[in-house]
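Derivation of every value follows stated rules applied to the coordinates shown; laboratory data play no part. Nothing here was measured: the structure is a model prediction, and the numbers come from that model. FYI the Cβ positions are ideal-geometry reconstructions off the backbone, even for glycines, and counts take in every protein chain you see.
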Amino acid sequence: MISKKISLRPAQETDSWMLSAIHIAAIKALPTTFYTHRELLAWRNYLDKPDNSSIFKYLKLETIRVAIENEIIAGFTSFTANELISLYVHPHYQGQGIGRTLVEHFCSEASGQGFNSVITTASLYAEGFYLRLGFIPIRRVPHYLGRGLVVPVTEMTKDFGSAVSGGD
């Protein structure tokens with residue numbers, strides 16, 4: 001992998017359109033391997049185009065970190081304490097270490113707050129990604145989408161004890 005300069009910063013209100021665009025694009029790029037087209041449509045909140053308001057209905061601004069590459073927001077994550085709430089990377093930037101950088105930052109933040117482990121719920125598409133980062137599956141749990149749709153996701157954890165490992 002070519003080393004690229006990825007910087008992280010807290011999200012700003014002015015990022016809302018781009019965060020919405022990344023969320024929609026990442027889900028639109030998924031095949032219907034694990035979830036149906038209808039379920040994926042619900043996952044992106046029935047949006048085909050980004051807007052400036054929807055992302056902050058579901059995520060709190062103060063818990064979002066964005067990844068910047070070449071002055072462009074390439075991905076984002078949201079977390080509280082030791083729980084990773086969301087992670088999205090624009091399809092154009094996937095496979096370039098941006099998701100890994102965001103997750104490692106989250107683990108470092110959680111460790112700095114005194115946590116010895118972290119948790120997340122991964123879509124069935126993302127399970128392999130988290131496994132490569134040292135997470136282990138706990139169990140399948142329901143994820144509630146709009147209009148009464150429920151899909152399976154995997155609750156996962158990573159135990160890092162007193163040190164966060166970055167090269168799992």
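The alpha carbons of region 1-70 occupy a box of 35, 34, 19 Å along the principal axes, longest dimension given first.
Taking 0.36 nm per residue of separation and subtracting the Cα-Cα distance, full extension of the segment from Thr80 to Glu155 would add 25.4 nm.
With each label modelled as a point 7 angstrom along the Cα→C-beta vector, the Ile68-Arg132 pair spans 2.6 nm. Shape class of region 38-126 from the Cα gyration tensor (axes a ≥ b ≥ c, square roots of the eigenvalues): prolate, since a/c reaches 1.5 or more and a/b is larger than b/c. By the count of other C-beta atoms within 10 Å, a proxy for reagent exposure, Lys28, Lys57 are ordered fewest to most as Lys57, Lys28.
Placing unit charges on each Cβ (+1 for Lys and Arg, -1 for Asp and Glu) gives region 1-152 a dipole about its Cα centre, and among Leu19, His105, Gly148 the Cα reaching farthest toward its positive end belongs to Gly148.
What residues of region 57-93 lie in the reach of a label at Ala25, counting those whose backbone N is under 12 Å from a point 7 Å from the Cα along Cα→Cβ? Once the point is set 7 Å along Cα→Cβ of Ala25, 69, 72-76, 89-93 turn out to lie under 12 Å by backbone N, inside region 57-93. For region 1-129, the number of Lys pairs with C-alpha atoms closer than 26 Å, counting only pairs eight or more positions apart or on separate chains, is 6.
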